[in-house]
Each structure stands twice: as structure tokens, then as C-alpha cells.
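Peer 1: Can you read through this structure? Questions will come right after.
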Amino acid sequence: MWIYALPLPSLMRRAHNKLRESILGVLDIFYPMFRRIMPLQTYRYAACGGINTLIDITLFFISYNFIFKKQIFDLGPVALSPHIAALLFSFIITFPVGFYLSRYVVWQQTSTRKRTQLFRYLLVVIACMLLNYVFLKLFVDLWGWYPTPSKILITVIVVAFSYFTQRNFSFKENTTKE
């Protein structure tokens with residue numbers, strides 16, 4: 001039986017290249033305004049991180065208020081407070097988006113294998129998630145602050161940590177062969 005095989009890898013590669021070039025095209029239009037204050041790679045990191053952060057905070061707000069409806073999310077053996085459930089919900093989407101943007105838009109010139117970068121990126125993101133978790137527990141549960149403004153403040157704190165660890169660990173230029 002003859003089955004026509006679609007050239008899926010070729011289609012995916014073309015779609016990926018088109019998406020990456022489109023993102024770079026849009027980002028780089030605005031770079032001249034920032035050229036004097038930061039190098040291109042730092043600008044791209046800030047822009048991509050800003051986009052992913054905006055997605056993260058938007059998803060956090062929507063899921064906290066409308067999906068989890070500010071109520072405990074019962075999973076059976078474990079129950080999550082709504083702000084922690086919203087944190088996990090936004091993570092499911094922003095993790096792959098953030099890795100894609102970091103790998104293919106910000107740090108394109110690295111020779112480190114994708115699998116190694118993904119593992120390193122995951123470690124940094126887990127550290128960032130732990131920081132988010134601890135600060136959310138502190139700000140919301142202990143101090144009684146509102147969850148969304150708390151998440152915004154926490155994001156400001158975590159972004160600095162994330163930038164330096166991603167630059168110096170996850171996407172560090174590999175000087176030895178893997």
C-alpha cells in the first residue's frame with residue numbers, strides 16, 4: 001500500500017525559520033531606540049523576556065480570577081491555593097515559549113547542544129519557580145498582599161536572577177566539545 005508521506009520535518013523547519021525571522025524582524029525595528037544603552041543581545045533578551053513576562057502575568061491574572069476563581073484547586077491528594085495553581089498554569093505555557101525565544105531569538109550563536117540548553121534552562125526556571133513560590137507564599141499568605149501585584153513585584157526580582165543565570169549558565173557559549 002502506497003502512503004504519501006508529507007515532508008513534515010521540512011515544513012516544520014520552514015515554519016520555525018519563518019517564525020524566528022518574523023520575531024527578529026519586529027524586535028529589531030525598535031532596536032535603534034535602545035542601541036546607545038544596551039547591546040543587541042541584551043535588548044533581545046529584554047524584549048523577549050518582557051513578552052514572556054507579559055504572557056506570564058496575563059495568564060496568572062486570568063487563571064487566578066477566572067479559571068480557579070480565587071478558590072482552592074483540589075487535585076484529590078493535594079490542594080493548591082489559587083495563586084499557586086495560577087503560577088503552575090502560567091508556567092505550563094511560558095516555559096516552552098521562553099525557551100524558544102531564548103534559544104532561537106536571543107542566544108542564536110551558541111554551539112551548546114539543544115538538549116543541554118533545555119536541561120540548563122529547566123534548572124534555572126525551576127529555581128525561578130521556587131523563588132516565585134516562596135515570595136508568593138510570603139507576600140500573599142503571610143503578609144496578605146493581593147496576588148497579582150505581588151506576582152508583578154516578584155517578577156521584577158526574579159528577572160534579574162534569570163538574566164544572569166541564563167546568560168552565564170543555560171546559554172553560555174560552550175568552549176569544549178560535548
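Peer 1: Hey, among the residues in segment 138-178 that are of a type in the set (Phe, Trp, Tyr) and within 23 Å of Tyr104 (Cβ to Cβ), which one's modelled with the lowest pLDDT?
Peer 2: That would be Phe171.
Peer 1: May I pose another question? Across segment 111-130, which residue is nearest to the chain's Cα centre (by Cα) among those that are over 18 Å from Ile157 (Cα atoms) and surrounded by fewer than 17 Cβ atoms within 10 Å (Cβ to Cβ)?
Peer 2: Per the criteria, the residue is Leu122.
Peer 1: Also, quick follow-up: Among (1) touching a helix residue (DSSP H, G or I) at 6+ places or on another chain (Cβ under 6 Å); (2) at pLDDT below 95; (3) among the polar types (S, T, N, Q), there is one condition Gln41 misses while meeting the rest; what is its number?
Peer 2: (1)
Peer 1: Further, regarding this structure: Could you give me the residue pairs with C-beta distances under 8 Å whose first residue belongs to segment 19-32 and is in contact (Cβ under 8 Å) with a residue 24 or more places away in the chain, whose second residue is assigned to a helix (DSSP H, G or I) and of a type in the set (Gly, Ala, Ser) wherever it lies, and which are 6+ apart or on separate chains?
Peer 2: Leu27/Ala47
Peer 1: Which of the residues that make up segment 1-27 are surrounded by fewer than 10 Cβ atoms within 10 Å (Cβ to Cβ) and modelled with pLDDT of 90 or more?
Peer 2: Within segment 1-27, the first condition is being surrounded by fewer than 10 Cβ atoms within 10 Å (Cβ to Cβ), and the residues that meet it are 1-10, 25.
Once the filter is applied, which keeps residues that are surrounded by fewer than 10 Cβ atoms within 10 Å (Cβ to Cβ) and modelled with pLDDT of 90 or more, segment 1-27 yields only Gly25.
Peer 1: Looking only at segment 33-64, count how many residues are in contact (Cβ under 8 Å) with a residue 40 or more places away in the chain, of a type in the set (S, T, N, Q) and surrounded by fewer than 16 Cβ atoms within 10 Å (Cβ to Cβ).
Peer 2: Total satisfying the criteria: 1.
Peer 1: Turning to a different aspect of this structure: For Val140, state whether it is over 14 Å from the mean Cα position of the chain (by Cα) and within 17 Å of Phe68 (Cβ to Cβ).
Peer 2: Here the answer is yes, as Val140 does meet what is asked.
The values are calculated or read from the model by the stated rules, or taken from the named source; none is laboratory data. Everything quoted here is computed from the prediction, not taken from an experiment. Cβ coordinates were reconstructed from backbone atoms using ideal geometry, including for glycine residues, and neighbour counts include every protein chain displayed.
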